[in-house]
């Protein structure tokens with residue numbers, strides 16, 4: 001029972017029932033030195049959220065420095081790390097990174113891009129109940145912590161999870177319901193607009209997905225109202241942007257305004273001749289045009305005598321104005337920088353079987369985005385072991401995404417995996433997971449690596465298409481090919497907008513979005529959306545889904561012209577898996593004491609053996625002869641000996657009364673000395689020795705399970721005993737000729 005003593009500050013609590021469970025926000029108890037701090041619970045899942053803003057402004061940067069950290073704690077799940085050497089919680093795993101990225105994408109659009117003070121939001125998971133996902137609680141907690149803090153932020157927002165099971169939507173579905181169901185749709189926003197979307201679906205029709213959006217958005221407003229209630233009671237007065245900006249005197253402010261006016265006028269005049277009047281089909285040409293524009297601007301401002309530092313800031317501002325002008329041209333004139341129509345995809349290219357020795361490969365190109373995806377097939381035991389706070393088990397399909405600096409013509413040090421790589425890889429993995437064969441259908445562990453060789457607009461969607469090509473080339477029997485496309489948003493600042501298909505470079509500017517959709521001919525498999533606006537209306541979502549479907553169908557149609565289905569045969573360089581079932585009660589016999597038997601099979605055949613609890617045995621090898629030998633060995637171990645069967649065995653032990661023969665691995669039977677010949681023999685070794693190969697028949701299996709055999713073939717030629725030899729030379733007379741008193745005598 002909990003107990004407490006003492007009181008430092010008043011603890012404020014706010015709660016509301018959502019989907020049959022209490023959502024509770026508490027502040028004033030934990031981490032009170034942070035600018036904003038709340039504990040949010042839903043069920044027994046509890047997350048502490050803190051928001052802090054630095055007092056100093058970071059000079060020389062052209063972005064808002066926000067970081068979001070999602071901190072998993074194994075104690076929250078009542079577990080200790082499985083490693084024998086490291087027991088403390090270490091670097092975030094993929095799940096924590098993905099949760100942090102999701103929350104970042106939800107809250108970032110509602111900050112002013114002019115802030116240069118570092119803002120850090122940390123979500124620490126204190127308890128998980130196995131039913132209510134911590135990422136959803138963390139999303140609400142981040143919103144509440146920022147809302148009650150003094151940090152300038154145009155929130156709050158709410159967050160909900162939508163499941164679909166038996167064709168019924170489930171609000172804030174539990175972990176089990178999400179696992180068993182066909183949809184997991186995460187929405188962040190308000191009752192009017194959606195600022196972030198994350199979804200995984202099992203080929204759900206587009207219309208059903210839109211219904212899920214409508215179903216979930218109704219609850220976002222309730223959560224926002226609860227947070228606003230907390231803000232009204234416990235919220236701090238917000239800092240103004242002026243307080244965060246570097247202090248300038250009146251003269252400096254005047255100079256800065258003069259420069260910005262010059263920049264705006266200059267860009268308005270030059271953006272058309274440099275970028276829009278003539279289509280620039282490649283990123284290099286557009287970059288060249290942008291460099292010419294900014295170089296001319298730089299020279300102009302220097303000639304006017306402005307300070308070089310101010311000029312460099314002005315040039316950065318000019319690039320953002322260019323992006324705004326590009327968006328305005330799309331909205332007002334339907335003009336794109338490369339001359340495409342608003343719903344037009346750049347040229348597509350598909351290729352498979354790139355390198356002979358790979359198990360499967362696909363090269364996908366859309367415009368200048370180029371991705372090489374490679375499949376490697378492995379044994380079931382190659383599956384990834386999962387040991388996160390909320391997930392324990394194995395993962396048999398993995399997609400890993402790489403992005404080298406040469407993909408965007410840059411020089412940068414290679415310093416390991418970044419959060420972006422983890423996120424893009426996970427999105428493509430989510431896109432393909434619904435169409436993968438079951439373990440029973442295709443027991444291989446599957447790893448896909450997508451190498452981004454060129455990037456200009458949604459390499460993650462390129463990875464999805466490349467993965468489909470590679471899986472089909474590898475002969476993986478996926479249910480349907482999957483394609484992916486990114487759509488953008490152009491706004492003119494006056495309320496008008498246009499949805500654009502196949503987003504690229506200058507089109508991803510202020511007031512835009514990155515709405516990624518993956519799917520098959522039957523429906524959607526994944527969605528990821530983030531925006532640089534205050535959110536999307538349902539009308540905008542509906543239009544985006546409709547335009548995205550048109551693009552997906554085009555990509556799938558062209559892909560099918562190159563490879564319509566899985567290859568009928570695996571690569572000759574891929575391992576082969578032989579699967580069969582045994583009696584689960586016999587698993588211990590296959591394993592043997594301390595793994596002695598299974599290790600012996602592996603050592604002698606070189607195969608990999610995986611055994612499931614349900615009796616599924618999978619033997620993996622690139623050598624068909626050794627695989628066959630291992631399979632027969634295992635089947636012999638679990639085979640039941642039956643009376644009347646004939647076996648070829650080996651003598652393994654000699655006793656005075658008989659010989660023991662190994663019939664099957666781990667199963668012996670005994671030939672009694674009387675069953676080794678049709679006549680009496682003096683010694684077992686007159687017929688058999690250890691190591692002899694013999695052919696035997698099962699005569700009997702007694703009540704204690706002992707197997708009695710008779711010798712059919714093998715061993716040495718039997719030697720009769722002495723008594724037997726005498727009887728052969730002098731056969732006995734008939735009984736009626738013998739006397740009762742002794743041999744050969746008659747009694748009178």
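Bear in mind that the values in this text are calculations on the coordinates, not laboratory data. Bear in mind the structure is a predicted one, so any value in this text is a computation, not a measurement. Note that we place each Cβ from the backbone using ideal geometry, even for glycine, and neighbour counts take in every protein chain shown.
For the pair residue 408 and residue 334, what calculated FRET efficiency results from E = 1/(1 + (r/R0)^6), where r is the Cβ-Cβ distance and R0 = 30 Å, to the nearest 0.05?
0.60
By per-residue mean of other Cβ atoms within 10 Å, what is the highest-first order of 214-220, 186-192?
In decreasing order of mean packing, 214-220, 186-192 become 186-192, 214-220.
Over the stretch 348-562, what lengths in whole Å, largest first, do the semi-axes of the equivalent ellipsoid take, defined as the square roots of 5 times the eigenvalues of the alpha-carbon gyration tensor?
Gyration-tensor ellipsoid for the stretch 348-562: 29, 19, 18 Å.
Using Cα atoms only, what is the angle between the long axis of helix 308-333 and the major principal axis of the chain, expressed in degrees (0 to 90) to the nearest 10?
80 degrees
Treating the stretch 646-729 as a set of equal point scatterers at the Cα positions, no solvent, please give the Debye-formula log₁₀ I(q)/I(0) at q = 0.23, 0.24 Å⁻¹.
Computed log10 I(q)/I(0) values: -1.04, -1.12.
Compute the FRET efficiency between residue 657 and residue 211 as 1/(1 + (r/R0)^6), taking r as their Cβ-Cβ distance and R0 = 60 Å, and round to the nearest 0.05.
0.15
On C-alpha positions alone, give me the angle between the axis of helix 206-234 and the longest principal axis of the chain, in degrees, nearest 10.
60 degrees
Could you calculate the contour length gain from residue 560 to residue 612, that is, 0.36 nm times the residue separation minus the distance between their Cα atoms, to one decimal place in nm?
So the extension gain works out to 15.1 nm.
Starting from the Kirkwood radius over alpha-carbon pairs of the stretch 6-67, derive D by Stokes-Einstein at 20 °C in a medium of 1.002 mPa s and give it in µm² s⁻¹.
Translational diffusion coefficient: 152 µm²/s.
For the stretch 182-232, state the semi-axes of the equivalent ellipsoid (square roots of 5 times the eigenvalues of the alpha-carbon gyration tensor), sorted largest first and rounded to whole angstrom.
Semi-axes from the Cα gyration tensor: 25, 10, 8 Å.
When ranked by the protection proxy of mean other Cβ atoms within 10 Å per residue, highest first, what sequence do the peptides 356-362, 556-562, 332-338 form?
Ranking, from highest mean packing down: 356-362, 332-338, 556-562.
Quote the relative contact order of the stretch 665-721 in percent (integer), defining contacts as alpha-carbon pairs under 8 Å separated by 6+ residues.
43 percent
Going by average Cβ neighbours within 10 Å, how do the peptides 59-69, 280-290, 117-127 rank, with the highest at the top?
In descending order of packing, they fall as 117-127, 280-290, 59-69.
Please report, in cubic angstrom per residue, the volume enclosed by the convex hull of the alpha-carbon atoms of the stretch 369-475.
112 Å³
Over what distance in Å are the Cα centres of the stretch 203-224 and the stretch 459-497 separated?
22 Å
Kirkwood Rh over alpha-carbon pairs of the stretch 52-147, then Stokes-Einstein at 4 °C and 1.567 mPa s: what D in µm² s⁻¹, rounded to an integer?
The diffusion coefficient I find is 87 µm²/s.
Compute the convex hull volume of the Cα atoms of the stretch 36-98, divide it by the residue count, and report the result per residue in Å³ as a whole number.
151 Å³
Across the stretch 12-240, how large is the tail of the calculated P(r) beyond 22 Å, expressed as a percent of all Cα pairs?
Considering the stretch 12-240, 52 percent of its Cα-Cα pairs are separated by more than 22 Å.
Apply 1/(1 + (r/R0)^6) to the Cβ-Cβ distance of residue 685 and residue 385, taking R0 = 51 Å, and write down the FRET efficiency to the nearest 0.05.
0.45
Between the stretch 678-719 and the stretch 346-404, what's the alpha-carbon centroid distance in Å?
Result: 58 Å between the Cα centres.
Round to the nearest 10 and give me the degree value, 0 to 90, for the angle of helix 283-303's Cα axis relative to the longest principal axis of the chain.
Approximately 30 degrees, to the nearest 10.
If you average 1/r over every pair of different alpha-carbon atoms in the stretch 576-638 and take one over that average, what Kirkwood value in Å do you get?
11.4 Å
Measure off 7 Å from each Cα along the Cα-to-Cβ vector at residue 62 and residue 704, then give the distance between these two points in nanometres to one decimal.
Distance between the two pseudo-spin positions: 8.9 nm.
Divide by every residue of the chain the summed helix terms, -39500 (n - 2.57) for each DSSP H run of at least 4, and state the resulting mean residue ellipticity at 222 nm, rounded to the nearest 500 deg cm²/dmol.
-10000 deg cm²/dmol
Which entry in (1) -0.29, -0.42, -1.05; (2) -0.39, -0.52, -1.09; (3) -0.39, -0.53, -0.98 is this structure's computed log10 I(q)/I(0) by the Debye sum over Cα atoms at q = 0.05, 0.06, 0.10 Å⁻¹?
(2)
Quick one: what do you get for the stretch 434-563 if you divide its Cα Rg by 2.2 N^0.38 Å?
For the stretch 434-563, the normalised Cα radius of gyration comes out at 1.17.
How big is the stretch 572-718 by the Kirkwood estimate over distinct Cα pairs, in Å?
Result for the stretch 572-718 stands at 16.8 Å.
Once the principal axes of the Cα atoms of the stretch 250-333 are found, what is the range along each, listed largest first in whole angstroms?
So the extents along the principal axes, rounded to whole Å, are 43, 24, 15.
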